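The structure appears below as structure tokens.
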Amino acid sequence: MRFRIDLKIFLFGILFYFTKQIEVYAMIMFFAIIHELGHLLAGLLVGMKPQKMEIVPYGVSISFKSIPEDYNRKIKKGNQLELKKILVALSRTINKYNYYINCNAIKLKCFLHINDSIF
């Protein structure tokens, strides 16, 4: 992993020091680093490899190596899952439609049978 610090951060530090707001800048940078370390941890948990981490005057950034084969595998799995969802939804709709038709036909027969026995 490559680690890089932008030198303009020192200019920002000097500027905030002279304006007596260095504590605010230090707190913002501290929380930005904590935030990006969370991204780093999440990336490591899912198996990604960090490529570089940069500290710039306005925060921190981290980037991971992109492996196209992994993306292709995830896309294929996602497409298969979506196809399964579509098939389940379609079969559920067909099943409900058949039940609705059969249920109404049975009620109609029952209604006619009851009326025939009354007369």
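Please go through the stretch 6-16 and pick out each residue that is within 9 Å of VAL56 (Cα to Cα) and surrounded by fewer than 12 Cβ atoms within 10 Å (Cβ to Cβ).
Scanning the stretch 6-16 gives LEU7, LYS8.
If we keep just the residues of the stretch 41-61 that are surrounded by 15 or more Cβ atoms within 10 Å (Cβ to Cβ) and without any contact (Cβ under 8 Å) to a residue 24 or more places away in the chain, which is farthest from PHE10 (Cα to Cα)?
Residue satisfying both the conditions and the ranking: MET48.
With the requirement that a residue be closer than 30 Å to GLU69 by Cβ and more than 22 Å from the chain's Cα centre (by Cα), what does the stretch 6-56 give you?
LYS52, MET53, GLU54
Would you mind finding the one in LYS20, LYS52 that is assigned to a strand (DSSP E or B) and charged (D, E, K, R)?
None of the other options fit; the residue is LYS52.
Restricting to the stretch 39-82, give me the number of residues that are closer than 30 Å to PHE16 by Cα and of a type in the set (Gly, Ala, Ser).
Selection size over the stretch 39-82: 3.
Right, GLY38: loosely packed, with under 12 Cβ neighbours inside 10 Å and in a helix (DSSP H, G or I) or not?
Answer is yes for this residue.
If a residue has to be out of contact with any His (no Cβ under 9 Å at 6 or more places or on another chain) and under 30 Å from LEU15 (Cβ atoms) to count, how many in the stretch 62-91 make the cut?
1
Here, each number is a calculation from the coordinates, and none is a lab measurement. Since the structure is predicted, the reported quantities are computational estimates derived from the model, not experimental observations. Counting neighbours? That spans all protein chains shown, and the Cβs are built from the backbone with ideal geometry, glycine included.
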